[in-house]
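The values are calculated or read from the model by the stated rules, or taken from the named source; none is laboratory data. Treat the numbers as computed from the prediction; the structure is a model and nothing was measured. Cβ atoms come from the backbone with ideal geometry, glycine included; neighbour counts cover every protein chain shown. In case anyone asks, the SASA skips ligands and DNA or RNA and just uses the protein heavy atoms, side chains included. Shrake-Rupley method; radii C 1.70, N 1.55, O 1.52, S 1.80 Å.
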Amino acid sequence: MQKLLVEGGLRLGGRVEIAGAKNAVLKLMAATLLGKGTFQIRNVPMIKDVFTMQGMLSSLGPKISLANNVMEIKVDELSGDATSKLVQQMRASIQVLGPLLARLGKVTISLPGGCAIGDRPIDLHLDNLEKLGARFFYDNGYIVGEATQLVGTELVLSYPSVGATENLMMAACLAEGTTIIRRAAKEPEIVDLQNFLNKMGARVVGAGTETIRIDGVKSLHETEFSVSPDRIEAGTFVIAGAITGDEIEIENVESKHLESLLVVLKNCNVHFTVEKKRIVIHQRRKPLTGTNIVTGPYPAFPTDLQPQFTALMTVAKGNSEIKETVYNNRFQHAIELQKMGANITLNSSSARITGVEKLVGTSVTAADLRGGAALVVAALVADGITEISGVEHIDRGYENFEHKLNALGAKVWRQ
Ligand code: EPZ
């Protein structure tokens, strides 16, 4: 496994440009399967999950080229055999289920992989696709889905699942009649998906609210689109600026998508200015104070920034409590932070932290994408060098992470 090494204690400064959103672009790529023709997607982050999705989609038939953050996808005839090994490498693979069912009426798919941050069932996807008329059975470890014709109906999600909302939106685009999804997820990436689908000729309204209406159409066509900025990458750099106590300009960000983080950071004595597309941290080494957070579905504090925020709280004065309500095993980074001298008491769904003066660089292991980013954030302020194994997890979701940090004055390198 490759390692990332970080020299702590350096002053950061300058500007960083945020890339396109991983958790939007992977779904837009899946949505192209609903249509025919040549799609162009711009502002694509050059990250491992995109390359994996590119390989997985290509195994279904599309011809895909990607260079300099621009992707071209030519979709014509499709195979419904989504059992390539690549499917098991990330959670987003499950997003081809809805489109393939709607387009082909039959699909065989492996269970998706993804970060080991807790149970990640797909019951909300399958149960609600069945309500649209699909049938599923297991065959030799794969899921086989069949649907002669999907028919729109009213769906009520028992939990605002991001992926289930997206799969259902995509399947319903080619269903007969109208589908209403109640208690839908409201993440900004779902708004990107709605806008993309509508540019393909779909009729979707309500994304970003808890009720989404889809009026089925006969077919969908090619289009072009530019992916919105990645709010989780942006939040990671905001937290990096706060923990190092320096001046960092974060450009090309949708600041409104980070409201829940910014409100909390204000409570922690973090100093910043906010414009529509730009956030400037000017901490100037003012002391951070601890606070409590509870993660939840958007617009609550995002679970994907919980690990990075936990790292921040380890050096904030006083006590903090981090309650994780979305996943049941998303504190593996806390165990690694303890090795760096953090004072954290864990129970199954929360972490109680007492801030320490200093963290100490040592060898730690990233167990998942955002946990790995949290260890890098902590290493920026630790005494000495921190050696982070499992950097392949970080590469799944951060484009040029060490280059961006080094451009801000950090010293981060691979071994
Ligand atoms: C998306 O995952 C993101 N991944 C995750 O980001 C993010 O943490 C999550 O949404 C929540 O915001 C992508 O978009 C590729 P969910 P997803 O369905 O769609 C339970 C990252 O770091 N659930 O909203 O899988 C599930 O177990 C990743 O970029 C069911 O019980 O999230 C979890 O506890 C990590 N049954 C909760 O809902 C289901 O059928 C949230 O899952 C589906 C989900």
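Assorted remarks:
- Of F225, F272, all but one fail to be closer than 30 Å to G35 by Cβ and either more than 16 Å from the ligand (Cβ to nearest atom) or not assigned by TED's automatic domain parsing to the domain that holds E77 (or both); the exception is F225.
- A single member of I212, I250, I243 is assigned to a strand (DSSP E or B) and touching a Leu at 6+ places or on another chain (Cβ under 9 Å), and it is I212.
- Here the helices (runs of 4 or more DSSP H) wholly within the range 363-415 that include at least 1 residues being away from the ligand (no atom under 16 Å from the Cβ) and closer than 12 Å to L10 by Cβ are 369-379, 401-407.
- Which listed residue is modelled with pLDDT of 95 or more, touching a Pro at 6+ places or on another chain (Cβ under 9 Å) and outside the structural domain of E402 (by TED's automatic domain parsing), from R183, R213, R203: R183
- In the condition set (1) within 15 Å of the ligand (Cβ to nearest atom); (2) crowded, with 19+ Cβ neighbours inside 10 Å; (3) not in a loop (DSSP other than H, G, I, E, B), R330 is compliant with all but (3).
- On inspection, G208 passes the criterion of being among the small types (G, A, S), outside the structural domain of G372 (by TED's automatic domain parsing) and closer than 20 Å to A21 by Cα.
- Evaluating T108 against the criteria (1) in contact with a Phe, Trp or Tyr (Cβ under 6 Å, 6 or more places away or on another chain); (2) crowded, with 22+ Cβ neighbours inside 10 Å leaves one unmet condition, (2).
- Enumeration of residues in the range 172-204 that are more than 14 Å from the ligand (Cβ to nearest atom) and in a helix (DSSP H, G or I): A172, C173, Q194, N195, F196, L197, N198, K199
- The lone exception for K358 - which of (1) touching an Asp or Glu at 6+ places or on another chain (Cβ under 7 Å); (2) open to solvent by less than 10 Å² (accessible area, probe 1.4 Å); (3) more than 21 Å from R120 (Cβ to Cβ) it fails: (2)
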